[in-house]
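Student: Questions regarding the structure given below will be posed in turn.
The values are calculated or read from the model by the stated rules, or taken from the named source; none is laboratory data. Bear in mind the structure is a predicted one, so any value in this text is a computation, not a measurement. With ideal geometry, Cβ positions are generated from the backbone for all residues, glycine too; neighbour counts draw on all protein chains shown.
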Amino acid sequence: MSGLPFPYEGPLPLGETVATALRRVVDPEVAMNIVDVGLVVGVALQGKELNVQVTMTSAACPVADVIVEDVERELDLAVPADLFIRVELVWEPPWSPDRMSEAGRRSMGW
């Protein structure tokens, strides 16, 4: 187990860099970073490709494109330049409040 707040396959130092970058991406609807909201489904390094799967709290999320673009931008700034970043919006598994971090639930008053 990597100890990261989402499933991760790759070297731990890169995973920590990715987690830090993803914490800078904020879901504007809830004013919380996407890691604490539980939107990061998983991250895997395959060769020189960094694959990032994210989901949204709802299929009707009006800011999905903004969040995906922000993920790409923050990762582009944080990871080695020779990595190709691929961000995929997925719907399985579906998001639920159980995906939120403890800090995220406290922030929402749950």
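Student: Could you tell me whether segment 74-85 includes any residue that is in contact with a Ser or Thr (Cβ under 9 Å, 6 or more places away or on another chain) and closer than 20 Å to Arg105 by Cα?
Tutor: No, every residue in segment 74-85 fails to be in contact with a Ser or Thr (Cβ under 9 Å, 6 or more places away or on another chain) and closer than 20 Å to Arg105 by Cα.
Student: Using beta carbons and a limit of 6 Å, which pairs, at least six apart or on different chains, have the first residue in segment 27-41 and of a type in the set (Asp, Glu) and the second one in a helix (DSSP H, G or I) and at pLDDT 95 or above?
Tutor: Between residues of segment 27-41 that are of a type in the set (Asp, Glu) and residues that are in a helix (DSSP H, G or I) and at pLDDT 95 or above, the close pairs are Asp27/Ile34; Asp27/Val37.
Student: State yes or no: is Gly104 surrounded by fewer than 17 Cβ atoms within 10 Å (Cβ to Cβ) and either in contact with a helix residue (DSSP H, G or I) (Cβ under 9 Å, 6 or more places away or on another chain) or not in a helix (DSSP H, G or I) (or both)? Before the answer, list the steps.
Tutor: Numbers: surrounded by fewer than 17 Cβ atoms within 10 Å (Cβ to Cβ): no; either in contact with a helix residue (DSSP H, G or I) (Cβ under 9 Å, 6 or more places away or on another chain) or not in a helix (DSSP H, G or I) (or both): yes.
No, not satisfied.
Student: Hey, another quick one. Scan segment 18-36 for residues that are of a type in the set (Asp, Glu) and in a loop (DSSP other than H, G, I, E, B) and jot them down. Full working, then the answer.
Tutor: In the first step, residues of segment 18-36 are kept if they are of a type in the set (Asp, Glu); the result is 27, 29, 36.
Within segment 18-36, Glu29 is the sole residue that qualifies.
Student: Additional query: Does segment 56-101 hold any residues that are in a loop (DSSP other than H, G, I, E, B) and over 14 Å from Leu39 (Cα atoms), and which are they?
Tutor: Matches in segment 56-101: Ala60, Pro62, Val79, Pro80, Ala81, Asp82, Leu83.
Student: Follow-up question, since we're still on this one. Restricting to segment 61-101, give me the number of residues that are closer than 19 Å to Pro28 by Cβ, among the acidic types (Asp, Glu) and either surrounded by 11 or more Cβ atoms within 10 Å (Cβ to Cβ) or touching a residue at least 60 places away in the same chain (Cβ under 8 Å) (or both).
Tutor: Residues flagged as closer than 19 Å to Pro28 by Cβ, among the acidic types (Asp, Glu) and either surrounded by 11 or more Cβ atoms within 10 Å (Cβ to Cβ) or touching a residue at least 60 places away in the same chain (Cβ under 8 Å) (or both) within segment 61-101 amount to 4.
Student: Kindly list the number of the only condition in (1) of a type outside the set (Lys, Arg); (2) out of contact with any strand residue (DSSP E or B) (no Cβ under 7 Å at 6 or more places or on another chain); (3) surrounded by fewer than 19 Cβ atoms within 10 Å (Cβ to Cβ) that fails for Asp27.
Tutor: All conditions are met except number (3).
Student: Taking Gly15 and the conditions (1) surrounded by 15 or more Cβ atoms within 10 Å (Cβ to Cβ); (2) assigned to a strand (DSSP E or B); (3) out of contact with any helix residue (DSSP H, G or I) (no Cβ under 8 Å at 6 or more places or on another chain); (4) of a type outside the set (Phe, Trp, Tyr), which numbered condition does it fall short on, given that it satisfies the others?
Tutor: Against the list (1) surrounded by 15 or more Cβ atoms within 10 Å (Cβ to Cβ); (2) assigned to a strand (DSSP E or B); (3) out of contact with any helix residue (DSSP H, G or I) (no Cβ under 8 Å at 6 or more places or on another chain); (4) of a type outside the set (Phe, Trp, Tyr), Gly15 comes up short only on (2).
Student: Take the residues of segment 33-60 that are hydroxyl-bearing (Ser, Thr, Tyr) and surrounded by fewer than 22 Cβ atoms within 10 Å (Cβ to Cβ): which is farthest from the chain's Cα centre (by Cα)? Spell out the reasoning first.
Tutor: Pass one, segment 33-60, residues hydroxyl-bearing (Ser, Thr, Tyr): 55, 57-58.
Now drop any that are not surrounded by fewer than 22 Cβ atoms within 10 Å (Cβ to Cβ), which leaves 57-58.
Values: Thr57: 13, Ser58: 15 Å.
Selected residue: Ser58.
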